[in-house]
Amino acid sequence: LVIGILGWTRIARYTRAEVYKLRNMDFISSAKVQGIPLWRILIMHLIPNAIKPAIVSFVFGVAGVILLESALSFLGLGLPENVQTWGKLLYQGRNNFEAWWLVVFPGICIFLVVYSLNILAERMQSKFMRSHKL
């Protein structure tokens, strides 16, 4: 929760920069010249074009948060003791070599989730680049 609360500013800055870039584009100027109301320009043109890159950034951010939480839990700085996380399982398996599954399976799960989120974000980004009509 704390990581999410502190991490939203990166996406907000990125979205703000995208809006500033888009507002100087020709299609926005053209809409203004045609007399289209500002609220319609915002809803039909500005928000859809600015939200797509923000969603991609959000998906990459979720993968980073998962890795950060796992690393903090592994170091003992994460969630309370009664909450099990992948990082805590890795920490418990570090000293118990007979229980190899405590290291292998949480590690594989972390890898698969982060890898899947990165693939999803890359595909969304490539789809965004193909469909972006600027």
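The values are calculated or read from the model by the stated rules, or taken from the named source; none is laboratory data. Bear in mind that the values here come from a model prediction, so they are computed numbers and not experimental data. FYI the Cβ positions are ideal-geometry reconstructions off the backbone, even for glycines, and counts take in every protein chain you see. In case anyone asks, the SASA skips ligands and DNA or RNA and just uses the protein heavy atoms, side chains included. Shrake-Rupley method; radii C 1.70, N 1.55, O 1.52, S 1.80 Å.
Inspect all residues belonging to the range 87-110 and state whether any of them is closer than 23 Å to residue 10 by Cβ and among the β-branched types (Val, Ile, Thr). So far as the range 87-110 goes, yes, one or more of its residues are closer than 23 Å to residue 10 by Cβ and among the β-branched types (Val, Ile, Thr). Let me spell it out: the conditions are (1) on the phi > 0 side of the Ramachandran plot; (2) under 19 Å from the mean Cα position of the chain (by Cα), and residue 76 meets all of them except one. Which number is the exception? The one condition residue 76 does not meet is (2). The single condition from (1) among the polar types (S, T, N, Q); (2) touching a helix residue (DSSP H, G or I) at 6+ places or on another chain (Cβ under 7 Å); (3) assigned to a helix (DSSP H, G or I); (4) farther than 23 Å from residue 3 by Cα that residue 118 fails is (4).
Taking the range 18-34 as the range and being out of contact with any helix residue (DSSP H, G or I) (no Cβ under 8 Å at 6 or more places or on another chain), open to solvent by less than 60 Å² (accessible area, probe 1.4 Å) and either under 25 Å from residue 62 (Cβ atoms) or not in a helix (DSSP H, G or I) (or both) as the test, only 25 passes.
For residue 78, the conditions (1) part of a helix (DSSP H, G or I); (2) touching an Asp or Glu at 6+ places or on another chain (Cβ under 8 Å) are fulfilled apart from (1).
Filtering 103, 83 for residues that are touching a helix residue (DSSP H, G or I) at 6+ places or on another chain (Cβ under 8 Å), open to solvent by less than 100 Å² (accessible area, probe 1.4 Å) and of a type in the set (Val, Ile, Thr) leaves a single hit, 103. Looking only at residues of the range 49-80 that are closer than 25 Å to residue 17 by Cβ and not aliphatic (A, V, I, L, M), we find that the one that is surrounded by the fewest Cβ atoms within 10 Å (Cβ to Cβ) is 64.
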